[in-house]
1. Filter region A:51-88 down to residues that are closer than 21 Å to A:His247 by Cβ, more than 16 Å from DNA strand B (Cβ to nearest atom) and part of a loop (DSSP other than H, G, I, E, B), then give me how many there are.
2. How about region A:151-191: which helices (runs of 4 or more DSSP H) wholly inside it have at least 3 residues that are of a type in the set (A, V, I, L, M)?
3. Quickly run through region A:24-42 and pick out the residues that are surrounded by fewer than 18 Cβ atoms within 10 Å (Cβ to Cβ), outside any loop (DSSP other than H, G, I, E, B) and of a type in the set (A, V, I, L, M).
4. Within region A:72-120, take every residue that is surrounded by 14 or more Cβ atoms within 10 Å (Cβ to Cβ) and among the polar types (S, T, N, Q) and give me the one that is nearest to A:Val37 (Cα to Cα).
5. Read through the list (1) touching a residue at least 40 places away in the same chain (Cβ under 8 Å); (2) surrounded by fewer than 17 Cβ atoms within 10 Å (Cβ to Cβ); (3) not small (Gly, Ala, Ser), then give the number of the only condition that A:Asp246 fails.
6. Say we look at region A:95-120 and pick out the residues that are within 14 Å of DNA strand B (Cβ to nearest atom), in contact (Cβ under 8 Å) with a residue 40 or more places away in the chain and not in a loop (DSSP other than H, G, I, E, B); which of these is farthest from A:Ala187 (Cα to Cα)?
7. Looking at the structure I just gave you, is A:Val131 among the β-branched types (Val, Ile, Thr) and outside any helix (DSSP H, G or I)?
8. Restricting attention to region A:122-148, which residues are over 13 Å from the mean Cα position of the chain (by Cα) and among the polar types (S, T, N, Q)?
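The values are calculated or read from the model by the stated rules, or taken from the named source; none is laboratory data. Only a predicted model underlies this, so the values are computations on that prediction, with no experimental measurement involved. Note that we place each Cβ from the backbone using ideal geometry, even for glycine, and neighbour counts take in every protein chain shown.
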Amino acid sequence: MDIVTWNVNSLRARMPRVLEFLEERRPDVVCLQETKVVDELFPAEPLEELGYQIVRHGQKTYNGVAILSRHGIEDAWCGFDGDGSDEEARVLGATVGDVMLLNLYVVNGKSVGDPKYDHKLRWMERVAALVQERYPMTEKVVVTGDFNVTFDDRDVYDPDGWRDKILCSAPEREALAAIMAPGLVDALRHFNQDEGVYTWWDFRTRGFQRKQGLRIDHFLVSPPALEAATGVEVDLVRRDGEKPSDHAPVILTLA
DNA sequence: ATGGTCGCGGAGCGA
């Protein structure tokens with residue numbers, strides 16, 4: 001089973017690239033972030049025609065998460081309270097087969113010290129509590145999405161330039177570790193110790209062309225899910241070409 | 001330190 005995480009930076013703007021990706025790779029499950037579309041305007045039909053069931057949790061202009069699946073989606077819920085009552089649409093949970101999914105679009109935080117940064121740290125604390133309460137590590141758990149946090153220098157093209165900056169600060173990394181504390185593992189690092197594996201490149205600096213990126217999109221998996229995992233791959237083809245997102249899709253394969 | 005480019009929505013904000 002292939003599970004994808006992809007921050008598409010507007011689903012409607014990205015539809016040609018998303019459809020091309022789905023047709024070529026036929027992934028089983030796709031967790032999308034930054035759909036930037038209210039549920040009533042979600043472009044479901046072309047995705048359903050490719051065989052995908054859809055659960056979505058969107059809002060106007062900003063944020064928005066969705067899960068596409070070629071297999072039955074069960075027990076879907078959204079927002080910290082499970083009812084979509086959050087101000088920001090960033091949390092979507094569901095079960096597909098024996099895999100418990102949590103799809104997250106973590107707060108960006110703007111810059112260290114900004115009020116949005118404090119909001120990010122508090123928001124991540126709520127995620128940690130949610131994982132602890134609702135995701136037993138004895139199950140196949142996959143917590144994925146755009147975390148807007150790097151793990152270490154290997155995830156950063158210019159570690160000294162980014163030292164203690166947003167996406168790289170110690171408090172953010174500690175908040176990420178707290179989410180993983182019950183027993184989640186960074187699946188990509190289990191398979192690949194190389195530096196320079198990135199998932200996001202800034203539009204403004206033409207980061208992709210300059211090979212200047214960060215790894216901020218992750219798969220955090222429980223021991224049973226790690227046992228089933230056979231690899232994690234970043235699909236760089238999707239970051240190149242016509243009207244790409246600023247993120248590449250990341251693909252986790254489970255046996 | 002700032003700006004650079006996208007997307008949304010139709011100016012300025014968020015990333």
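1. Matching residues across region A:51-88 total 1.
2. Filter on region A:151-191 gives A:170-180.
3. A:Leu41
4. Taking the candidates together, the pick is A:Asn103.
5. Unmet for A:Asp246, out of (1) touching a residue at least 40 places away in the same chain (Cβ under 8 Å); (2) surrounded by fewer than 17 Cβ atoms within 10 Å (Cβ to Cβ); (3) not small (Gly, Ala, Ser): (2).
6. A:Tyr117
7. So A:Val131 does not fit the description; no.
8. Listed by number, the residues that qualify are A:Gln132, A:Thr138.
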